[in-house]
Amino acid sequence: MIACHLRITGRVQNVFYRNWFVEQAQALGLDGWVRNRADGSVEAVVRGSPEMIDAIVAKAREGSPASRVEHVHVSDAAPDEVPNGFAKRPTL
């Protein structure tokens with residue numbers, strides 16, 4: 001299992017992006033969380049197999065139907081610090 005941190009920018013708030021991301025992550029069997037940031041971006045931490053991480057990163061770049069993703073920054077995260085299950089967290 002590996003984990004990564006994603007920061008998604010563009011038109012990604014108020015367009016159902018977080019709920020859509022939760023659905024995508026749960027369908028892939030990933031653990032982690034997603035939340036809006038005060039700067040207008042969306043942040044997520046995900047843990048799973050390398051193939052499933054690649055899949056969620058690709059989906060994050062596509063975005064929800066109403067979103068316009070400009071950039072997805074991906075960095076490593078500590079797998080043992082990611083909670084089990086997948087949740088939508090409050091804005092930070």
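Suppose the filter is surrounded by 13 or more Cβ atoms within 10 Å (Cβ to Cβ) and touching a Pro at 6+ places or on another chain (Cβ under 7 Å); does residue 47 pass it? The answer is yes for residue 47.
I'd like to verify a number: residues in segment 57-67 that are of a type in the set (A, V, I, L, M) and not in a helix (DSSP H, G or I), how many?
1
From the list 42, 69, the one residue that fits, being of a type in the set (Val, Ile, Thr) and touching a Phe, Trp or Tyr at 6+ places or on another chain (Cβ under 8 Å), is 42.
To keep it simple, each residue is scored yes or no on (1) surrounded by 11 or more Cβ atoms within 10 Å (Cβ to Cβ); (2) in a strand (DSSP E or B); (3) under 14 Å from the mean Cα position of the chain (by Cα); (4) without any contact (Cβ under 8 Å) to a residue 40 or more places away in the chain.
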position	(1), (2), (3), (4)
55	yes, no, yes, yes
69	yes, yes, yes, no
74	yes, yes, yes, no
80	no, no, no, yes
91	yes, no, yes, no
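Going residue by residue through segment 10-27, is there one that turns out to be buried (at least 20 other Cβ atoms within 10 Å of the Cβ), in contact (Cβ under 8 Å) with a residue 12 or more places away in the chain, at negative phi and in a strand (DSSP E or B)? Checked segment 10-27: no residue is buried (at least 20 other Cβ atoms within 10 Å of the Cβ), in contact (Cβ under 8 Å) with a residue 12 or more places away in the chain, at negative phi and in a strand (DSSP E or B).
Values quoted throughout were computed directly from the atomic coordinates according to the rules given, and no laboratory measurement underlies them. Note that the structure is predicted; figures quoted are calculated from it, not measured. Positions of Cβ are generated from backbone atoms using ideal geometry, with glycine treated the same way; all protein chains shown enter the neighbour counts.
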